[in-house]
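Each reported figure results from applying straightforward, stated rules to the coordinates on display, with no laboratory input. Only a predicted model underlies this, so the values are computations on that prediction, with no experimental measurement involved. Cβ coordinates were reconstructed from backbone atoms using ideal geometry, including for glycine residues, and neighbour counts include every protein chain displayed.
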Amino acid sequence: MKFLIVKLSAIGDVIHALPVAAYLKQAVPGCTVSWLVEKASADLVSNNPAVDEVIVFGGKKWFREIGKPGTWLKNMSEARQFFKEIRDAKYDAVLELQGLLKSSLLARSSGAKVVAGFDDTREFADQFLTHKLNVGDYFGHDVPVVELNLKIAKYALTLLGLQAPDLPIEFPLPQLPSSVDVKIDALLISPSLAAPGVGSIEWVDQTGWVVKTEPNSAPDLASVPHVASVPDLESDPSLPINIVLIPGTTWVTKIWPESKWIELGEKLSARYRCQLILVGGPAEVNSNFTIGRGIESKRPKQLVVNLTAQTTLTDLIAVFRRSALVIGADTGPLHLAAATAVPAVVGVFGSTPAKRNGPYGPQCETVHLNLECQPCYSKTCKLGTVACLVDLDATQVFDAVLKKLPGDR
């Protein structure tokens with residue numbers, strides 16, 4: 001039995017669909033699961049025990065180069081070959097989990113007799129499915145999207161005449177090469193927040209090593225001892241814990257103000273013996289630098305390690321597995337932290353529905369106000385206030401932290 005999952009992006013959405021691959025593997029022993037994905041999220045399904053084949057969709061390049069006649073023949077040839085390979089695979093069922101016109105057209109191009117997806121989605125995408133599942137209001141606020149995706153998996157099995165058992169929800173993650181662990185061990189003993197012109201920093205990391213680094217530099221990876229397993233913090237409470245902060249994301253209506261993050265960092269530092277770790281992409285470099293320096297100005301003895309723009313998705317898995325707590329906005333890395341099932345996770349939510357789109361699992365908590373305009377699903381605040389985040393106090397987030405990580409360290 002051959003299945004194709006179509007979930008192209010974004011990072012958080014792909015993570016929310018990972019349990020579908022695990023479910024198919026368990027429910028249909030011996031089946032083959034392929035995944036059609038865009039490049040930005042491909043690392044999540046590559047080298048993943050629940051995914052047998054990864055197909056990276058390069059269509060964005062075809063459209064991006066449409067104004068360059070010299071590329072037309074090459075791109076047309078690539079597109080023709082791509083669609084031929086999809087059809088030649090002869091999938092028994094295609095699970096269209098994206099719910100957009102582009103993804104539904106790609107799913108239908110497979111020629112599979114069963115192309116299953118959600119009814120009543122955007123861009124009339126459901127019109128290109130062979131089978132549509134009505135889950136009520138797909139954009140409703142009360143059912144986690146993880147569970148909605150699994151409904152499609154069970155629906156597809158039923159259409160094929162197979163049993164669709166209820167199984168534990170699992171998030172299969174890619175297997176990490178040892179080089180990732182070595183890199184993260186190095187980065188976590190290398191404070192990189194120091195501003196240009198500041199002298200070298202010397203401190204003792206949690207393995208007992210004395211580390212001396214120049215500003216914004218990391219030690220030679222070959223010189224760093226590889227920590228084969230995460231330290232047992234429960235049996236040795238003298239060790240500091242790692243707390244990861246993920247302040248940034250793509251929508252303005254998901255971003256909690258920098259001043260709130262600084263206040264939260266101060267509270268965390270006062271309560272726990274911890275190392276605060278800032279992560280994010282290139283767009284968050286300036287903001288995370290401001291947050292890190294702000295925390296250190298309030299708590300001069302607090303170590304803040306800034307890994308912004310220094311980690312891949314697979315790197316972040318290793319970071320999260322070494323952490324006790326992750327706090328972040330509604331962004332892909334927050335959901336990746338939840339998928340590792342190692343740290344406690346607290347999500348700070350504004351424009352998106354916390355229950356539907358929040359980090360999934362019993363170790364997770366979400367914090368949000370209950371304004372009449374929430375959730376709005378909008379990238380911009382139509383009221384011009386972003387009150388859902390501006391008015392969310394750091395104490396409320398810290399109270400959620402205490403629920404998931406009680407006590408002092």
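In nm, give the distance between the simple-model label positions of GLN175 and PHE63, each being 7 Å from the Cα along the Cα-to-Cβ direction.
3.6
For the range 2-159, what is the largest minus smallest coordinate of the Cα atoms on each principal axis, given in angstrom and ordered from greatest to least?
Principal axes ranked by extent give 48, 34, 28 Å for the Cα atoms.
Please turn the phi angles of the range 369-378 into ³J(HN,Hα) values with the Karplus equation 6.51 cos²θ - 1.76 cosθ + 1.60 (θ = phi - 60°), one per residue in order, whole Hz, x for glycine and proline.
Running phi through 6.51 cos²θ - 1.76 cosθ + 1.60 with θ = phi - 60° gives 7, 10, 6, 4, 7, 9, x, 9, 6, 9 Hz.
In whole percent, what relative contact order does the range 238-331 give with Cα contacts below 8 Å and a gap of six or more residues?
That works out to 42 percent.
Translational diffusion coefficient of the range 297-364 at 20 °C, 1.002 mPa s, Stokes-Einstein with Kirkwood Rh over Cα pairs, in µm²/s as a whole number. Working shown, then result.
Working: Rh = 12.9 Å.
Using the Kirkwood radius from Cα pairs, D works out to 166 µm²/s.
How tilted is helix 72-88 with respect to the longest principal axis of the chain? Cα atoms for both, answer in degrees (0 to 90, nearest 10).
70
With only alpha-carbon atoms in the gyration tensor, what are the semi-axes of the equivalent ellipsoid for the chain, in Å, largest first?
39, 24, 22
Any idea what Rg and Dmax come out to for the range 76-189 if you just take the C-alpha atoms, in Å?
Computed over the Cα atoms of the range 76-189, radius of gyration and Dmax are 18.1, 54 Å.
What does the highest-first list of 50-62, 142-154 look like by mean Cβ count within 10 Å?
Top to bottom by mean Cβ count within 10 Å: 142-154, 50-62.
Among the DSSP beta bridges whose two residues both lie in the chain, what percent are antiparallel, rounded to the nearest 5? Walk me through the numbers before you get to the answer.
On the way: 4 of 45 bridges.
About 10 percent, rounded to the nearest 5.
Please enumerate, by chain and number, the lysines with C-alpha under 18 Å from the C-alpha of LYS382, excluding those fewer than 8 residues away in the same chain.
Those lysines meeting the cut-off are LYS254.
Using the Karplus curve 6.51 cos²θ - 1.76 cosθ + 1.60 with θ = phi - 60°, work out ³J(HN,Hα) for each residue of the range 167-182 in order, rounded to whole Hz, and write x for Gly and Pro.
Those phi angles translate into 10, x, 7, 10, 10, x, 10, x, 6, 9, x, 4, 4, 5, 4, 4 Hz.
Would you compute the Debye intensity of the range 251-314 from its alpha-carbon atoms alone, equal scatterers and no solvent, and pass along log10 I(q)/I(0) at q = 0.18, 0.23 Å⁻¹ to two decimals?
Debye output, listed in q order: -0.65, -0.98.
For the chain, calculate the relative contact order in percent as a whole number, restricting contacts to Cα pairs under 8 Å that are 6 or more residues apart.
Across the chain, relative contact order equals 14 percent.
Could you order peptides 368-379, 342-353, 298-309 by the average number of other Cβ atoms within 10 Å of their residues, highest first?
My ranking of the peptides, most packed first, is 342-353, 298-309, 368-379.
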